[in-house]
1. Looking at the stretch 84-125 only, could you name the residues that are polar (S, T, N, Q), over 19 Å from Arg71 (Cα atoms) and surrounded by fewer than 14 Cβ atoms within 10 Å (Cβ to Cβ)?
2. Does the stretch 66-83 contain any residue that is closer than 30 Å to Glu153 by Cβ, polar (S, T, N, Q), under 16 Å from the mean Cα position of the chain (by Cα) and assigned to a helix (DSSP H, G or I)?
3. Of these, Arg144, Arg115, which one is over 18 Å from Val75 (Cα atoms), touching a strand residue (DSSP E or B) at 6+ places or on another chain (Cβ under 6 Å) and either in contact (Cβ under 8 Å) with a residue 40 or more places away in the chain or of a type in the set (D, E, K, R) (or both)?
4. Being within 26 Å of Asp118 (Cα to Cα), in contact with a Leu (Cβ under 7 Å, 6 or more places away or on another chain), at pLDDT 90 or above and surrounded by 13 or more Cβ atoms within 10 Å (Cβ to Cβ) narrows it down to one of Val169, Val154, Val182, so name that one.
5. Being surrounded by 15 or more Cβ atoms within 10 Å (Cβ to Cβ) and closer than 29 Å to Leu113 by Cα is the filter here; which residues of the stretch 36-60 pass it?
6. How do the helices (runs of 4 or more DSSP H) wholly within the stretch 104-215 filter down when requiring 2 or more residues that are under 24 Å from Phe57 (Cβ atoms): which remain?
7. Please determine whether any residue of the stretch 50-62 is at pLDDT 95 or above and under 16 Å from Gln185 (Cβ atoms).
8. Condition first: at positive phi and among the basic types (Lys, Arg). Now tell me which residues in the stretch 1-59 satisfy that.
Amino acid sequence: MAQPVPVRSGGFGGSDGLAEFLKMEKFDLLIDATHPFAARISQNAAIAAKETGMSFFALRRPGWERQSGDRWTSVASVTEAAGALGETPKRVFLAIGRQEAFHFESAPQHHYLIRSVDPVTPPLGVPHARYLLATGPFEETAERELLTSNQIEVIVAKNSGGKATYGKVAAARTLGIEVIMVERQEPADVRTVGTVEEALGLVDHLFSPEMNRGV
């Protein structure tokens, strides 16, 4: 989608490359508005801001919260999620994207249905895996049908928040299906806001005349 502002695509070459770009272009503020699980670029942004002394904060949509009827097992990483499936073979819906699906090769006893936007390459080295290419949003009704028709017993998901992919969580609640939820591991020292409106308000605050006078 075309944006009414200058846009740059591609990487920067790590935190050092990003810091050099920020200095060269004479930016005053860096906002990390990447995906909640884009850990590497978020870390690079925080390091680059510290190196340049630049004002910095993150815009993160709020994560999902456990509701009555949810059967969540919260884990800190995808690796931990694979172990949390247990030894008994299960029918598992992997809804974590393609990049970290390989971690489930450590649990080859399960039957996997793996949904991603792009193909999982190479395919998982497990005996039972099916692949579904799809792009959200995913509505609850369709998710219930998917889970039921594939006899899914457990879902593995990332707590990315937002409405577009919440359908599977709501469907799991209705069907009584367990969800292994990979929670966000965000640095505590990064200032964070949850909405665009909050972000705009913080920008106004950071560059207000009072702040510039050191008040």
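1. Hits for the stretch 84-125 are Gln99, Ser106, Gln109, Thr121.
2. So far as the stretch 66-83 goes, yes, one or more of its residues are closer than 30 Å to Glu153 by Cβ, polar (S, T, N, Q), under 16 Å from the mean Cα position of the chain (by Cα) and assigned to a helix (DSSP H, G or I).
3. Going through Arg144, Arg115 in turn, just one is over 18 Å from Val75 (Cα atoms), touching a strand residue (DSSP E or B) at 6+ places or on another chain (Cβ under 6 Å) and either in contact (Cβ under 8 Å) with a residue 40 or more places away in the chain or of a type in the set (D, E, K, R) (or both): Arg115.
4. The unique qualifying residue is Val154.
5. The answer is Pro36, Phe37, Ile41, Arg60.
6. 196-206, 209-212
7. No; the residues of the stretch 50-62 include none that is at pLDDT 95 or above and under 16 Å from Gln185 (Cβ atoms).
8. Lys26, the sole residue that qualifies.
The values are calculated or read from the model by the stated rules, or taken from the named source; none is laboratory data. As the structure is a computational prediction, the values presented were derived from the model and not from experiment. For neighbour counting, all protein chains shown are included, and Cβ atoms are generated from backbone atoms with ideal geometry for every residue, glycine included.
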